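Encoded as structure tokens, the structure appears first; notes follow it.
Bear in mind that the values in this text are calculations on the coordinates, not laboratory data. Remember, it's a predicted structure, so these values are computed and weren't measured experimentally. Here Cβ is always computed from backbone atoms with ideal geometry, including for glycine, and neighbour counts include all displayed protein chains.
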């Protein structure tokens, strides 16, 4: 019934990073008879540049996120240390009064 209204969509464009990875990392392990498959085709120069830029951007983003996470972790540790010091200091004062 709904088959008449189904629109067949074209396949999505190939992912440049994935095609770069497939050619450089996977293709050496593919048997000879399958190496001519378009899946393992060498990416164009522009696709190689795009893949490299995407990887560099992701690497920079991950490094920035790691720095932010470390700063957050350091801040939390510092806050916990200050809270423990305040709590133990007030406890020591109470014991001295008794």
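For segment 1-30, list residues with backbone N below 13 Å from a point placed 7 Å from the Cα of residue 59 toward its Cβ? No residues fall inside that zone. Per-residue extension of 0.36 nm, minus the Cα-Cα distance of residue 75 and residue 27, leaves a gain of 12.6 nm for this segment. Between the C-alpha center of segment 27-80 and that of segment 5-20 there is a gap of 21 Å.
Residue exposure proxy: 9, 39, ordered by other Cβ atoms within 10 angstrom of their Cβ from fewest to most, comes out as 9, 39. Ordered by the count of other Cβ atoms within 10 Å of each Cβ, fewest first, 23, 29 give 29, 23. Shown for 20, 5: other C-beta atoms within 10 Å of each C-beta, ranked fewest to most, produce the order 5, 20.
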